[in-house]
1. Taking the Cα centre of the stretch 26-170 as the origin and placing charges on Cβ (Lys, Arg +1; Asp, Glu -1), which of Val59, Gly91, Val37 is farthest toward the positive end of the dipole?
2. Evaluate the relative contact order of the chain (contact order divided by residue number), counting alpha-carbon pairs under 8 angstrom at least 6 apart; express in whole percent.
3. Between Asp77 and Ala143, what is the label-to-label distance in nm when each label sits 7 Å out along the Cα-to-Cβ direction?
4. For the chain, what does the helix formula give at 222 nm: sum of -39500 (n - 2.57) over DSSP H segments with n ≥ 4, over the residue count, nearest 500 deg cm²/dmol?
5. With every protein chain present, what is the per residue accessible area of the chain (1.4 Å probe, Å²)?
6. How many nm separate the modelled label positions at Leu35 and Glu2, each set 7 Å beyond the Cα in the direction of the Cβ?
7. Given the Cα-Cα distance of Leu47 and Val124 and 0.36 nm per residue of separation, how much length would full extension add, in nm?
8. Would you kindly find the accessible area of Asp77, with a 1.4 Å probe and non-protein molecules such as ligands, DNA and RNA excluded, rounding to the nearest 10 Å²?
Amino acid sequence: MEIELRDWSPGDAAWYITQVRDPETLRFTTERATLTVEEFRRALEALQRNENALGFGAVSAESGERLANVAAVRAGDVAEISYWVAAAARGQGVASGAVSALCHRVEAAWPVAELRLWTHADNVASRRVAERAGFGRVGGVTAKDVHGRVWPVVHYRKAVLRTSGPRRRG
């Protein structure tokens, strides 16, 4: 399936909220089941003002159907990638396509030297996505505090080969 990234809009709030309430999304991401439309809209406004954050909806290139969320946050010359896929779109290569597209956007937007991501250690599918997108595993399973709970996580990183030229956001 061919994936395109598009900016989130306030009209996406209900879809987004419904998707993050999926038990697997809640199990393996930092999303909250109590997310509201107003919180989504405030987060979207903050995202649009933040030069160090990118966030997109991943959609089917053919139909425009919403399939996933991808985001990146930059700190210095490192960008951290995150993502989740809607339940109905899992197992179709959506995450791999969306993460690869996001990596290209990040590299075009920011002068970063490295991309990083982490996955819950039990999320084997997400670990495979990271590896297919060219990320290499860093060390073994470590602990990470996620909303006051300690999760077992696996860290990944990917070096960015820079070419000269202008950088542009998103």
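The values are calculated or read from the model by the stated rules, or taken from the named source; none is laboratory data. Since the model is a prediction, treat every value here as computed from it, not as a measurement. Virtual Cβ from ideal backbone geometry, glycine too; neighbours counted across all protein chains shown. To get the accessible areas, we keep the full protein, side chains included, count just its heavy atoms, and leave off ligands, DNA and RNA. Shrake-Rupley method; radii C 1.70, N 1.55, O 1.52, S 1.80 Å.
1. Result: Gly91.
2. Numbers: 293 pairs, mean separation 34.0, N = 170.
The normalised contact order for the chain reaches 20 percent.
3. Simple spin-label model gives 3.3 nm for this pair.
4. Dividing the helical sum by the residues of the chain leaves -9000 deg cm²/dmol.
5. 53 Å²
6. It is 2.8 nm.
7. Difference between extended and current length: 24.8 nm.
8. 80 Å²
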